[in-house]
Amino acid sequence: MNQLSMSKAGHALRSKGIEGWELHDRAASMKEDGDDIVLLTIGDPDFNTSAEVNNALITALGKHRTHYSNPQGEYELRSTLAALETANVGKTFTPNQFNIFNGAANALYTVLRCIVPDGKNIVLNEPYYIGYQPTLVACGITTKYAPAVAPEFKISAQAIADTIDENTVAVLLNTPVNPTGNVVSADVMRELYEGCRERNIWLISDEVYSLITFEQPHTSLLSVADDLSNVIVMDSLSKSHAMTGWRIGWTVTNESLASILSKYALASTFTLTQFTQDAAITALRGCKGFVENMNSEFKLRRDYTMTRIQKIKGLDAITPDAGMFVMVDVHQDGDEFANRMLDEIGVSVAPGSACGAVTSNYVRVSYVSSLAELEKAWDRIESWLASNTRSKVPSSLVINAESLKNAHLG
């Protein structure tokens, strides 16, 4: 049989791998097979969703909240979000400015499909979130990158402005930044907003880590924008409320675009489940203590991670202000480093190249695991690097898949 047809996006997705995801998938498969693998590749909090939210879902099921929903999202959930942002920002928001999506990834995909014409491009700060690449490839969007300067990797409004050209229709911003943990300041945010408005292009701000900050508070684009005529802000319950699998994300923008996004939803996801949206209302209205306790634990894990990094020769890192990751300079090819570390000591981290060319000598390390798991991982890494003085681990330290099944490494 001749090869069947495939779309341009299908061809691109088939041919283009995402190294960070591929390594994580390999590590997860090894762990499922029984290998003693410590996963530090992905930002999935190891906390359980709060009992209050779980019970709200059960209550909703008991009320038979299992029918079609509004494609823009349940009105009560959108009203809850509008009230929260009105209180947080001090400006008035309406439910019709919000759209509920199957997570922030689905929100970004829908936004890009609706605002980026064929042949146009968007500008993305580098280093960037690994998960953007599959979405951009699926949308067939040309992306221009505005590289930040190592080792701080602070977002520069000037660098972004210099990257914009006549075909640019949007700038995609992420703050707090995954992978660096940087928080974009109010001054930089304002400069970006004014620059995009002058050029009549969209400014998209992905703020899914907005509630996971430590020393430096988050500044939302909503707080600096004079209006939302060219503004789209995305957020989610995935990270802040340990609800990654619930797939509840949203956008806030002007009502005109919100209506278009709702119509696109009819052609893709159609509607979300009523019962998960009911539970999301409970998460947003309550659970403040849950979120604060989780943040406190993340700070402890971050501090422990930085303490271990600072004691290991050959590794350097800047302490993140927010989020769940630290970018570690390994002073060698990050792809090779990450793959060898997985194969030889059973610790998985994401290669920095998956976040952009500027971090090709870095790896992204998560601290969403327990302190016990982090201690296990860093003990392995420290011993491995101490013995790896000639870029080759001695055979006595090489751990293959079979030995990992039968040995505990502390």
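Could you tell me how many degrees, from 0 to 90 and to the nearest 10, lie between the Cα long axis of helix 288-310 and the main elongation axis, the longest principal axis, of the Cα atoms of the chain? Between the helix axis and the principal axis of the chain, the angle is about 30 degrees. Using a Gaussian network model of the chain in which every pair of alpha carbons under 10 angstrom is joined by a spring, one finds that among Ser210, Ser79, Ser256 the greatest mean-square fluctuation is at Ser256.
Within the chain, what is the longest stretch that has no GluC sites (Glu not before Pro) placed in a DSSP loop and near at most 14 other beta-carbon atoms within 10 Å? With a cap of 14 other Cβ atoms within 10 Å, the longest stretch comes to 216-410. Sites listed here are chymotrypsin sites (Phe, Trp or Tyr not before Pro) in region 260-302 whose DSSP assignment is loop and whose Cβ has at most 10 other Cβ atoms within 10 Å: Phe270. Annotation: per residue accessible area for the chain equals 43 Å², rounded to a whole number [probe 1.4 Å, protein chains only].
Net charge in the neighbourhood of Ile141 (other residues with Cβ under 12 Å of its Cβ; Lys, Arg +1, Asp, Glu -1) is +3. Here the accessible area is traced with a 1.4 Å probe on the protein chains. For region 217-322, carbon and sulfur cover 54 percent of it.
Over 29 Å between Cα atoms, which of Lys144/Lys299; Lys144/Lys313; Lys120/Lys154; Lys63/Lys288; Lys8/Lys144 qualify? Pairs exceeding the cut-off: Lys144/Lys299; Lys144/Lys313. For the chain, the longest principal axis of the alpha carbon atoms and the long axis of helix 274-285 meet at an angle near 80°. For region 196-310, the equivalent ellipsoid derived from the alpha-carbon gyration tensor has semi-axes of 29, 21, 12 Å in decreasing order. For region 28-98, chymotrypsin sites (Phe, Trp or Tyr not before Pro) meeting the loop criterion (DSSP other than H, G, I, E, B) and having at most 12 other Cβ atoms within 10 Å: Tyr68.
Taking the chain as a Gaussian network of alpha-carbon nodes connected by springs under 10 Å, the highest mean-square fluctuation of the residues Tyr304, Tyr128, Tyr362 belongs to Tyr304. For region 1-91, applying the loop criterion from DSSP together with a ceiling of 15 other beta carbons within 10 Å to the trypsin sites (Lys or Arg not before Pro) yields Lys16, Lys63, Lys91. Partners of Lys263 within straight-line reach, counting aspartates and glutamates whose Cα lies under 17 Å from its Cα and excluding those fewer than 8 residues away in the same chain: Glu74, Glu255. What's the angle, to the nearest 10 degrees (0 to 90), between helix 75-89's Cα axis and the longest principal axis of the chain? Its long axis makes an angle of about 80 degrees.
The values are calculated or read from the model by the stated rules, or taken from the named source; none is laboratory data. Everything numeric here is computed off the predicted structure, so don't read it as measured data. Positions of Cβ are generated from backbone atoms using ideal geometry, with glycine treated the same way; all protein chains shown enter the neighbour counts. Areas reflect the complete protein model, heavy atoms only, side chains present, ligands, DNA and RNA absent. Shrake-Rupley method; radii C 1.70, N 1.55, O 1.52, S 1.80 Å.
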